[in-house]
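Take a look at the structure below.
Rule-based calculations on the coordinates, nothing more; no lab input. Treat the numbers as computed from the prediction; the structure is a model and nothing was measured. Cβ sites come from the backbone with ideal geometry, for glycine too, and all protein chains shown count toward neighbours.
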Amino acid sequence: MSLGIGIVGAGVMGGDHARTLSRSVHGARLVALADADRERAAAVAAEAGGPRLHAEGRALVEDPQVEAVLVASPDATHQELVLACLAAGKPVLCEKPLAPTAAACLDIVAAEVKLGRRLIQVGFMRRFDPGYVAMRAALAEGRIGAPVMMHCLHHNAGVPPWFDAGIVVTNSAVHEIDVARWLLDDEFVAVSAFLRGTDGGAPGDRQFLVLETRRGVLVDVALFLNARYGYDVRAELVGETGTVALRPQAPAELRQAGLQAIGLAPDWRAHFAAAYVNQLQAWVDAIRRGTPTGASAWDGYVASATADAGLEALRTGGRTAIALQPRPAFYGG
């Protein structure tokens with residue numbers, strides 16, 4: 001039997017997830033879709049096998065044919081919907097952030113611990129990207145020695161004018177925060193932030209973050225969110241005996257007139273298309289096995305708390321310590 005999935009949100013991400021589930025994921029079927037915009041939901045449903053429509057997320061969570069829920073609604077709704085999934089005993093994959101604040105994330109963590117079952121996965125899809133997976137394997141297998149530093153670059157072609165310096169950290173850099181922590185299997189203890197001016201872009205769209213881990217590894221993140229030329233994500237992990245880096249993700253390479261060029265994706269969805277498919281397939285498989293995978297609610301809290309420290313570092317212009325609550329034994333060591 002296929003697992004019945006319901007998606008809350010029919011916007012950019014919800015629509016992409018609906019199409020991916022209906023076309024590229026095995027062992028699951030999209031049975032319900034919820035969005036306040038009925039016309040938008042109907043358009044997505046027509047592309048994704050015709051799931052029935054709900055006007056709001058709580059109704060979808062309570063739908064008896066929905067066995068698991070994917071939350072891709074606006075950020076402010078995530079906490080309520082995830083808690084509703086816990087109350088209903090239904091697995092949930094929630095797009096980041098898990099909740100609007102780190103404190104709200106801790107409330108969700110406490111609810112899941114009380115339930116005694118891990119039902120929550122946070123949508124940090126880079127953990128399923130083939131390039132990052134290969135980097136983590138190279139480190140785990142000892143091929144580059146102990147990690148020393150990691151360089152990350154995150155460029156967008158452009159972002160809306162309402163993106164400010166804080167959103168650059170909480171919406172964009174948070175992906176590097178999570179994937180570097182996962183790759184290194186280490187906790188961050190401090191962050192420094194540097195802001196640079198821009199010419200006509202969103203305020204604060206050029207930033208440089210330096211994160212320090214408990215074991216002394218330095219991770220730098222260079223962000224430029226109005227780079228104009230395309231979507232570009234790079235990473236290199238430097239070890240004591242070698243390095244490992246992401247390969248450019250490009251469908252074609254052009255050699256012409258003395259130049260060699262590769263194409264760049266227009267946005268994150270195209271760049272990380274394989275990661276999104278892998279994430280959804282792993283989530284479905286994990287539910288069917290009864291063994292959780294991916295970023296946990298605790299990981300969602302840590303990412304939010306680390307991003308909050310990054311905001312404080314931006315505000316003060318100095319190094320900010322990252323204070324985390326003790327990790328519950330429920331989430332392992």
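If you take the Cα centroid of segment 48-106 and the Cα centroid of segment 260-333, the two points sit 18 Å apart.
Diffusion coefficient of segment 3-122 by Stokes-Einstein, Kirkwood radius over Cα pairs, 10 °C, 1.306 mPa s: 113 µm²/s.
Any chance you could tell me what percent of the C-alpha pair distances in segment 197-333 go past 18 Å?
Numbers: 6847 of 9316 pairs.
More than 18 Å apart: 73 percent of the Cα pairs in segment 197-333.
The base-10 log of I(q)/I(0) for the chain, evaluated at q = 0.13, 0.14 Å⁻¹, reads -1.03, -1.19 [Debye formula, identical scatterers on Cα atoms, solvent excluded]. With loop defined by DSSP as not H, G, I, E or B, and exposure as at most 10 other Cβ atoms within 10 Å, which is the longest segment of the chain clear of exposed GluC sites (Glu not before Pro)? Longest gap between qualifying sites, sites excluded: 1-140.
Could you work out the relative contact order of segment 209-283, using alpha carbon pairs under 8 angstrom and six or more residues apart, expressed as a whole percent? List each step's numbers first, then the result.
Details: 57 pairs, mean separation 15.1, N = 75.
This gives 20 percent for segment 209-283.
Between helix 102-115 and the chain, what is the angle of the helix's C-alpha long axis to the longest principal axis, kept within 0 to 90° and rounded to the nearest 10? Long axis of 102-115 versus the principal axis of the chain: about 50 degrees. Within the chain, which is the longest segment containing none of the chymotrypsin sites (Phe, Trp or Tyr not before Pro) that sit in a DSSP loop and have at most 13 other Cβ atoms within 10 Å? With a cap of 13 other Cβ atoms within 10 Å, the longest stretch comes to 1-161.
Applying the criteria of a DSSP loop state and at most 13 other Cβ atoms within 10 Å to the trypsin sites (Lys or Arg not before Pro) of segment 182-279 yields Arg214, Arg215, Arg228. Helix 12-24 and the long axis of the chain differ in direction by around 70°, with both axes built from C-alpha atoms.
The phi torsions of segment 292-302, fed into the Karplus equation with coefficients 6.51, -1.76 and 1.60 and a -60° offset, translate into couplings of x, 9, x, 6, 8, 4, 4, 4, x, 5, 4 Hz, rounded to whole numbers, with Gly and Pro shown as x. If the chain linking Arg58 and Ala76 were pulled fully straight, counting 0.36 nm for each residue of separation and taking away their Cα-Cα distance, it would gain 5.1 nm.
Per residue, what volume in Å³ does the convex hull of the Cα atoms of segment 90-132 enclose? Kindly include the intermediate steps, with their values, before the conclusion.
Details: hull volume 3.6 nm³, N = 43.
Looking at segment 90-132, the number lands at 84 Å³ per residue.
The amide H of Val189, built 1.01 Å from its N in the peptide plane, has Glu212, Thr213, Arg214 as neighbours under 5 Å, considering only residues 5 or more places off or on other chains.
Placing unit charges on the Cβ atoms of the charged side chains and taking the dipole of segment 3-122 about its Cα centre, the candidate lying farthest along the positive direction among Ala45, Gln121, His78 is Gln121.
To two decimal places, what compactness ratio does segment 124-207 give when its Cα radius of gyration is scaled by 2.2 N^0.38 Å? Please report the intermediate quantities before stating the final value.
Values: Rg = 15.1 Å, N = 84, 2.2 N^0.38 = 11.8 Å.
That ratio works out to 1.27.
Seen against the Cα atoms of the chain and their longest principal axis, helix 78-88 is set at about 50 degrees. So, R0 is 30 Å and r is the distance between the beta-carbons of Ala87 and Asn171; what FRET efficiency does that work out to, to 0.05? Once rounded, the FRET efficiency stands at 0.60.
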